[in-house]
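Since every read-out is calculated from the coordinates, none of them should be taken as a lab result. Not measured: the values here are computed from a predicted model. Methodologically, a virtual Cβ is constructed for each residue, glycine included, from the backbone with ideal geometry; neighbour enumeration extends over all protein chains shown.
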Amino acid sequence: MTKLKIPHGAFVFVGDGRKALFLRNDGDEHYLDLKTERVFVDDNPPAHEQGSDRPGRVFKRARTNLRSAVAQTDWHELEEHRFAKRVATAMENLVRDRNARALVVVAPPRTLADVREALNPAIKKRIIAEIGKDLTKYPIYEIEKHLHHFVD
């Protein structure tokens, strides 16, 4: 099994649907030294605080009493998708502005998919690893420990 090598100057994105950290490796391929470049935190209250209406009803025909419920919109989940797209745009800008050659993306699988879908193909080419984990709640030194398991 080939171990992941995160080169000096590479960017590490750690995010979920509510928080995103942009980190830069000031260390080398063997000893990570992650420094915070930028932090995004989205104010995304729970779904029950975002929508108070009951689900709507749809009538099948005008002359009958047949009705069915319309699924309630999960505003919280929608905002997480939007946040992932905004963060992907910010990631693209940072990678271009700083001319980063390598990028590691760490996020839960659903967020990882949202970010991957939103990224420009030129930026996708710079991704050296995608890790499906939620590390946003950990301090930087703990993130380094988790990534160390993937680093030679």
Quiz item: Around Ile131, which amide H atoms from residues at least 5 apart in sequence, or from another chain, sit under 5 Å from its own amide H, with H modelled in the peptide plane?
Solution: Val105, Val106, Ala107
Quiz item: Ala118: net charge of surrounding residues, Cβ under 11 Å, Lys/Arg +1, Asp/Glu -1, itself excluded?
Solution: +2
Exercise. Could you check the simple spin-label distance between Arg101 and Lys3, using points 7 Å along Cα→Cβ, in nm with one decimal?
Key: 2.1
Quiz item: Where Lys and Arg each count +1 and Asp and Glu each count -1, what net charge lies around Val95 among other residues with Cβ under 10 Å from its Cβ?
Solution: +2
Quiz item: lysines within cross-link reach of Lys145: Cα-Cα under 23 Å, excluding same-chain residues under 8 positions apart?
Solution: Lys3, Lys5, Lys19, Lys35, Lys133, Lys137
Practice problem: Counting only C-alpha contacts under 8 Å and six or more residues apart, can you give the relative contact order of the stretch 78-152 as a whole percent? | Solution: 33
Practice problem: For Arg38, list long-range residues whose amide hydrogen, built 1.01 Å from N in the peptide plane, is under 5 Å from its own amide hydrogen. | Solution: Phe22
Exercise. Mind giving me the nanometre distance, one decimal, between the label points for His81 and Asp28, set 7 Å out from Cα along Cα→Cβ?
Key: 4.6
